[in-house]
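The values are calculated or read from the model by the stated rules, or taken from the named source; none is laboratory data. The model shown is predicted, which means the values in this text are computed figures rather than measured ones. Here the Cβ positions follow ideal geometry from the backbone for every residue, glycine too, while neighbour counts run over all protein chains shown. Each accessible area value is taken on the protein alone, full model and side chains, heavy atoms only, with ligands, DNA and RNA left out. Shrake-Rupley method; radii C 1.70, N 1.55, O 1.52, S 1.80 Å.
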Amino acid sequence: MATSMGRVLVHRVVTSFCRKGRTGHCLRIRSGRYCSTAAAVTPASNPLLRHEHLPEFQAIKAEHVVPAVTRLVEELETGVGTLETNIEDVSKVTWPSLVETLERLSFPLDFAWGAVSHLNGVKNNDALREAVEQAQPLVVQITSRVAQSKPVFNGLKALQSGAATLDGPQVRILDSGVKGAQLGGVDLEGEDKENFNQMRMKMAMLGQQFSNNVLDSTKAFSLTVTDRSHMDGVPDSLLHLTSSAAAQDKNSVDPEIGPWKLTLDMPCFEPFMKHSRNQALREQMYRAYITRASHGDHDNTDVIEEIRKLRKEKSALLGYTTFADLSIDTKMADSVQEVMSLIQSLKVKSKPAAEREYAQLEEFARSNGHEDKLNLWDLSFWAERQREKLFSFSEEELRPYFPLERVLSGMFDLCSHLFGIKIQPADGTTEVWHEDVRFFNILDEQGEHIASFFLDPYSRPHEKRGGAWMDSALGRSLVMKTKPVAYLVCNQSPPVGDKPSLMNFREVETLFHEFGHGLQHMLTKVPYHDAAGINNVEWDAVEVPSQFMENWVYDWDTVQRISGHYQTGDTLPSELFQKLEDARKYMAGSQMLRQLYFSALDMELHTSSDPWKTVMDRVAAEYTVLQPLPEDRFPCSFQHLFGGGYAAGYYSYKWAEVMAVDAFGAFEEAGLDNRDKLADIGKRFRETILGLGGGTHPKDVFKQFRGRDPQPDALLRLYGLS
């Protein structure tokens, strides 16, 4: 999952909260513990004002946030006012006088707010939440101020009309800047403008509230098991994880005696649902998971409706029929109808396959002693048993072969061969926010340092939001003389006792996925910040590098690089790899239908006026084989839509996957064992899809790499649905 949305020029200072939905919920700064006058704040006393290097994470405290943001917003307000005066005569506006000046002005706030937003996701606590809640209204207000600046807007249009002297990425930046200003309300006047700005502030509040509720409700649930028989079937890795979580004394953990603490974070929930033989516990865990953030103090039921209402009203003010129409206007897809056509066409292929898979699974379960019809909390368990039967291996057999350090080493080796880079550990050269966080540098063919990245690999459910993502710590900029630095964040199984982090295969795929996002951010060749990396890339193309990278974990040579038994060092045996390859298409129809369900639900939620539960039930009837439970409230924890940047854009995963699979086909056609040819194609991939960023339209980028438009047949073949 990428979190940096294409950075529109006039929205630069809001990039962090736009891309994550991390926005405050006050219309004014309240009096409180963090209030301070900006004049009293200096770089010496506040690390958020020091931006000569990477953020000083150990020094940043909650009490620094409001004073720093207050000062930086005031400085930006003053700077923009001066800029507006200097560009009143649009005939004299130049790229340096407008675009580069605005970049210099907004960089300090962008840098500080990016660090705060990042910490809010990985080091969340009450004090930081309160500080963010107080500071974010100022950020919303200043971004509205910049977006709605008529002098800036007129200057952008003047540059746009004289674009013959500019290069392609500059033209793209101007086009996006003009569009961004229009979507930011620059053409609104009077009451409409006031209402629009109030909506933005309210949506900022609700996005933050939604995310907090999901995190808090996930943390609030736990189940302590004291009877060993209730943990029958659970693999050793999960016994260690859950007994360690339950232990008061970490030095006296006994995974066979317990107790065992079950939680709803993925490293616990997912393997428990796959392996536990206790159906009653599976049901309890499942019901808790699908009702997260839907009741009590952490209820998103009404938050969803309020967000939908505001999005619709905002869209109407901007001249769009629905929020989905507004969203699509900045993407590759031409219309909502085109998106729904893709979703429907894939459903025609996948639903019959999913229905067959369910019937086969039910028959398998019955033949192995399951007496009743399959319930939703039975599916993962019996699907895993059937997969073990069909392909003669269990997921847990793979885990010892994928210790994190070996996976990293092999992934770096692959990228070195394909893209001509070298990745070196640089731990200790910059501050990190947790002792488990790693830091790496990337060097080019000449040994020159071109980029860096942080890696935060392990789950910390008490302070870190779920999922996995890539975000920008710094972007490439000729003006600011900065090199790209990425945050790569996962939530995989942590080390337990004397065992290193042993990854299940899905965690390996996830790491490759996020590193794909990171590669596009870090290997960009575009010198202009607003089109470098994933900035300004249409959202339905931003998943291409990430999903492309996932394909490599099914390549035999790559698996030999990334696998090594944590005790013996032996790579994954060829016969086990072949079983893994054979199992790749297992339940493929069900997997695709699930993603199409999410995509269709997303579009319906942002085109229909019906209550969200009504919409969910209607879409589920068409896109699921086994209907959700009546109490299912999974949209209440659907971060992509209501706490992130994927609203009316979740389809992007499938849209981009078409291009990603087709792009990987270029390597397959050359022969995955032909290292020389792979290096040649990898160089072209780096120069185009990774290098051109948001400076070239994704359709043109793909053509430059592949020599033609993408073909959807490759995706259907991958899933065995052609």
How would you order 585-591, 389-395 from highest to lowest mean count of nearby Cβ atoms within 10 Å? 585-591, 389-395
When a/c reaches 1.5 or more, the comparison of a/b and b/c decides; with that in mind, is region 532-624 rounded, prolate or oblate per its Cα gyration tensor? oblate
With each run of n ≥ 4 DSSP H residues scored as -39500 (n - 2.57), what mean residue ellipticity at 222 nm is computed for the chain after dividing by its residue count and rounding to the nearest 500 deg cm²/dmol? -16500 deg cm²/dmol
Could you tell me the relative contact order of region 412-461? Use alpha-carbon pairs under 8 Å, at least six residues apart, and round to a whole percent. 29 percent
Listed highest first by mean packing, meaning other Cβ atoms within 10 Å per residue, what order do 317-324, 176-183 come in? 176-183, 317-324
Kirkwood hydrodynamic radius, computed over distinct alpha-carbon pairs, for the chain: how many Å, to one decimal? 26.5 Å
Given a Förster radius of 30 Å and the C-beta distance between Gln344 and Leu626 as r, what FRET efficiency does 1/(1 + (r/R0)^6) yield to the nearest 0.05? 0.90
In square angstrom, what is the accessible area per residue of the chain with a 1.4 angstrom probe? 38 Å²
Rounded, prolate or oblate for region 144-303? Axes are the square roots of the Cα gyration tensor eigenvalues, ordered a ≥ b ≥ c, and the cut-off for rounded is a/c under 1.5. prolate
C-alpha long axis of helix 266-275 to longest principal axis of the chain, angle in °: 30 degrees
Take every DSSP beta bridge with both residues inside the chain and express the antiparallel ones as a percent of the total, to the nearest 5. 75 percent
Ignoring ligands, DNA and RNA, please state the percent of accessible area on the chain from carbon and sulfur, probe 1.4 Å. 49 percent
Taking Cα atoms, the helix 336-367 axis meets the longest principal axis of the chain at an angle in degrees (rounded to 10) of 20 degrees
Using Cα-Cα distances under 8 Å and only pairs 6 or more residues apart, what relative contact order does region 101-183 have, in percent? 22 percent
Ranked packing of 355-363, 207-215, most packed first, by mean Cβ within 10 Å: 207-215, 355-363
What would the Debye equation give as log₁₀ I(q)/I(0) for region 37-131 at q = 0.12 Å⁻¹, counting only Cα atoms as equal point scatterers? -0.45
Please report, in cubic angstrom per residue, the volume enclosed by the convex hull of the alpha-carbon atoms of region 73-205. 117 Å³
By how many degrees, 0 to 90 and rounded to 10, does the Cα axis of helix 101-122 deviate from the longest principal axis of the chain? 30 degrees
Positive-end extreme of charge dipole, region 421-521 - chosen from Thr429, Pro495, Gly466 (charges on Cβ): Gly466
Any GluC sites (Glu not before Pro) in region 400-501 that lie in a DSSP loop and have at most 12 other Cβ atoms within 10 Å would be Glu435, Glu445, Glu448
For region 131-193, which GluC sites (Glu not before Pro) are in a loop by DSSP, counting at most 12 other Cβ atoms within 10 Å? Glu189
Computed over region 300-365, Cα set: Rg, Dmax in Å: 18.2, 55
Can you list residues from other chains, or at least 5 along the same chain, whose modelled amide H is less than 5 Å from the amide H of Leu262? Leu223, Thr224, Val225
Using just the alpha carbons, could you tell me how many Å³ per residue the convex hull of region 253-405 encloses? 235 Å³
Out of every Cα-Cα pair in region 659-707, what percent are more than 16 Å apart? 34 percent
Amide H neighbours of Asn300 under 5 Å, at least 5 residues apart or on other chains, H built in the peptide plane: list them. Ser294, His295
So, in Å, what gap is there between the alpha-carbon centers of region 188-233 and region 265-309? 13 Å
The chain: relative contact order from alpha carbon pairs under 8 Å, six or more residues apart, as a whole percent, is 18 percent
Counting residues in region 361-455 as N, plug N into 2.2 N^0.38 Å and put the Cα Rg over that result. 1.77
